[in-house]
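Structure first, commentary second.
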Amino acid sequence: DDTAIEGYVHNLLYLDKKDDALVVLYNSPKTPSILYQEGLIYLEDELYEIAEDKFLAARAGTDFDEAIRAIDKELVGIYLSTGREDKARNLSERIFYEEPLENFQTAFDNLYALGLFEEAIDFYNQNGRGYEDAGILFSLAFAYNQVQNLEKSKMHLLKTIALDADFTEAYLHLGHMSKGEEAKNYLEKYLELQGVAMSAYLHLISLYKDDQEYDKIRVMMQNILTTLGLSEETLFITINALKALYEYDKIYELYNEHSLIKDDPIL
């Protein structure tokens with residue numbers, strides 16, 4: 001029974017017995033459900049050619065629309081991963097037009113992943129205005145950024161955090177697109193949400209230096225070393241912070257204390 005086999009395979013996978021699960025599936029009748037399960041396991045191992053064969057065989061054996069749609073979504077991912085962008089785009093568009101409401105995000109995400117930013121923007125404007133989703137709006141903001149429409153990019157970033165106040169990456173982009181106090185507020189919020197991009201620290205150091213807020217640079221530098229420890233990245237940030245503070249003697253102390261600096265051309 002397909003349902004019983006599927007449940008057994010799920011339990012084996014949960015117990016990290018993938019090889020046993022594949023043996024069970026190999027010895028089972030090759031129904032669309034079984035083939036689909038095999039495809040998922042091979043896909044997880046990035047064995048794309050085998051996974052594709054399993055999904056295509058499963059698709060050929062069923063006329064159940066929901067199953068076909070699920071298989072097609074997996075095939076789109078395989079086509080994207082194996083450099084067949086045209087096939088991925090054509091299939092994702094077909095999925096959308098067959099069932100627009102449920103599959104808008106799949107089609108939009110595929111255009112975005114293919115780097116077709118103008119097409120992604122047009123597709124959203126034609127079909128997606130009703131989708132109030134923070135992830136979609138953030139991707140749309142990035143697409144506008146890539147086509148140099150910074151005003152609309154910032155507008156959609158603001159919509160993103162209006163929907164999801166903890167959308168960390170949106171604050172990073174807003175910080176880099178803003179100036180003065182506004183930029184500081186966004187970047188400080190990004191760090192508060194545990195963002196770790198080096199660019200956020202370097203930008204904040206520059207902003208604090210411009211406003212002569214040297215104590216803020218010191219506090220941030222101490223927090224970096226306390227929470228993130230010593231690494232190429234934290235040493236790079238620390239050296240830039242000390243330069244902003246004009247404390248060159250401490251940079252020299254760091255140089256003498258850490259062989260990591262001496263061995264790293266950038267540092």
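Considering the conditions (1) farther than 23 Å from Gly128 by Cβ; (2) open to solvent by 80 Å² or more (accessible area, probe 1.4 Å); (3) of a type outside the set (A, V, I, L, M, F, W, C), Thr62 is excluded by exactly one of them, (2). On the stretch given as segment 71-92, residues that are more than 27 Å from Ser33 (Cβ to Cβ), surrounded by 15 or more Cβ atoms within 10 Å (Cβ to Cβ) and not basic (Lys, Arg) total 1. Got at least one residue in segment 128-139 being under 18 Å from Gly115 (Cβ atoms) and assigned to a loop (DSSP other than H, G, I, E, B)? No, because not a single residue in segment 128-139 is under 18 Å from Gly115 (Cβ atoms) and assigned to a loop (DSSP other than H, G, I, E, B).
The residues of segment 140-164 that are open to solvent by less than 40 Å² (accessible area, probe 1.4 Å) and closer than 20 Å to Glu182 by Cβ, listed by number, are Ala141, Tyr144, Ser153, His156, Leu157, Thr160, Ile161. Residues in segment 109-139 that are open to solvent by less than 50 Å² (accessible area, probe 1.4 Å) and among the aromatic types (Phe, Trp, Tyr): Phe117, Phe123, Tyr124, Phe138. Report whether or not Lys189 is surrounded by fewer than 19 Cβ atoms within 10 Å (Cβ to Cβ), over 16 Å from the mean Cα position of the chain (by Cα), in a helix (DSSP H, G or I) and basic (Lys, Arg). When the stated conditions are applied, Lys189 does not pass them. When segment 226-257 is limited to residues that are outside any helix (DSSP H, G or I) and open to solvent by 40 Å² or more (accessible area, probe 1.4 Å), the one that is farthest from Glu213 (Cα to Cα) turns out to be Leu230.
Can you find a residue that is of a type outside the set (S, T, N, Q), in a helix (DSSP H, G or I) and modelled with pLDDT of 90 or more anywhere in segment 84-107? Within segment 84-107 (the criterion being of a type outside the set (S, T, N, Q), in a helix (DSSP H, G or I) and modelled with pLDDT of 90 or more), the answer is no, since none of the residues qualifies.
Beta carbons closer than 7 Å, at least 6 apart along the sequence or on distinct chains, pair a first residue in segment 43-67 that is free of Cβ contacts under 8 Å to residues at least 24 places away in the same chain and within 21 Å of Leu80 (Cβ to Cβ) with a second that is assigned to a helix (DSSP H, G or I) and among the small types (Gly, Ala, Ser) for Lys54/Gly39; Phe55/Gly39.
The values are calculated or read from the model by the stated rules, or taken from the named source; none is laboratory data. Worth saying up front: this structure is predicted, and the values here are computed from it rather than measured. With ideal geometry, Cβ positions are generated from the backbone for all residues, glycine too; neighbour counts draw on all protein chains shown. For the accessible areas, the whole protein counts, side chains as well, though only heavy atoms, and no ligand, DNA or RNA atoms are used. Shrake-Rupley method; radii C 1.70, N 1.55, O 1.52, S 1.80 Å.
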